[in-house]
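The values are calculated or read from the model by the stated rules, or taken from the named source; none is laboratory data. Note that the coordinates shown come from a computational prediction; the quantities given were computed from them, not determined experimentally. Cβ placement follows ideal geometry from the backbone for every residue including glycine, while neighbour counts extend to all protein chains displayed.
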Amino acid sequence: MTRVDNVAGKVVAITGASSGIGAATARLLGAQGALVVLGARRTDRLEKLVAEIVAAGGKAACRTLDVTDRADTAAFVDFAKAAFGQLDVLVNNAGVMPLSPLSALKLDEWDRMIDVNIRGVLHSIAAALPVMEGQGFGQIINISSTAGHRVIPTAAVYCGTKFAVGAISEGLRQESSKIRVTIVSPGVTESELAETISVPEVRARIEEFRKISLGADAIARAISYAIAQPADVDVGEIIVRPTATQA
């Protein structure tokens, strides 16, 4: 285990931690000495990841989490605080991306994106903010996307949710002098997001595009960098893209 200053000893709660960016972040921060608390719906995966981190000399705990459930999200934050005594960092990573043309009228999928990608972030902020304000310190890291900076066909609703994450994050940053707020916006990255796409031609196009994907560990390193800065340094946003893409 390689401890990293300003990361080691911090309690970091991560949503959507069962795969992709969330799991990679848990592994890296755990190896750097953070006390990681993992939340997601797939508890079996969380338990395996906790065991892996602990076996490598780290400290970790997990709890089932559905970020669309306000009470469940509050209970997750309470669990993190009870497990390790405080909450230094919350990483809002849970997200879904069922892309489709607006003309396909996939209203249920639109609702799911709004519920997870926007309401889920708000639920987590609502749960963590009183804890962090009471402590007098904390950091909220919201995982957005390059889709929060540009709109492409079939991604209108997804982009809208990620633009919203940017606006919410910036509003929170302006309102608080105690809490650091960071947006991390990945470009195409290895994850399970494409598996939620139900339109075959869109899924095929995205899978072809994803052949140049970054590894999830690249985004984990960006998150670690933001956490590791001194308390008086707030990294507002990090955009991480594959060198080989212009998107």
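A few comments on the model shown:
- Condition met for M113 (within 17 Å of the chain's Cα centre (by Cα) and modelled with pLDDT under 95): no
- Consider segment 150-164 and keep the residues that are of a type outside the set (S, T, Y) and assigned to a helix (DSSP H, G or I). The one that is surrounded by the fewest Cβ atoms within 10 Å (Cβ to Cβ) is A156.
- Residue list for segment 65-115, restricted to those being in a helix (DSSP H, G or I) and closer than 19 Å to I223 by Cβ: F76, V77, A80, F84
- Filter result for A40 (under 19 Å from G138 (Cβ atoms), crowded, with 24+ Cβ neighbours inside 10 Å and under 13 Å from the mean Cα position of the chain (by Cα)): no
- Near pairs, Cβ below 8 angstrom, 6+ apart or cross-chain, from segment 3-27 (under 18 Å from L65 (Cβ atoms)) to any residue that is among the aromatic types (F, W, Y) and not in a strand (DSSP E or B): V11/F84; A13/F76; T15/F76
- If you go through segment 174-188 and keep only what is of a type in the set (K, R) and assigned to a strand (DSSP E or B), you end up with just R180.
- Given (1) of a type in the set (A, V, I, L, M, F, W, C); (2) surrounded by 15 or more Cβ atoms within 10 Å (Cβ to Cβ); (3) at pLDDT below 90; (4) touching a Gly at 6+ places or on another chain (Cβ under 7 Å), index of the condition V199 fails: (4)
- Residues satisfying the stated conditions in segment 208-223, i.e. part of a helix (DSSP H, G or I), at pLDDT 65 or above and out of contact with any Leu (no Cβ under 6 Å at 6 or more places or on another chain): K211, I212, A216, D217, A218, I219, R221, A222, I223
- For A147, the conditions (1) at pLDDT below 95; (2) hydrophobic (A, V, I, L, M, F, W, C); (3) surrounded by fewer than 21 Cβ atoms within 10 Å (Cβ to Cβ); (4) part of a helix (DSSP H, G or I) are fulfilled apart from (3).
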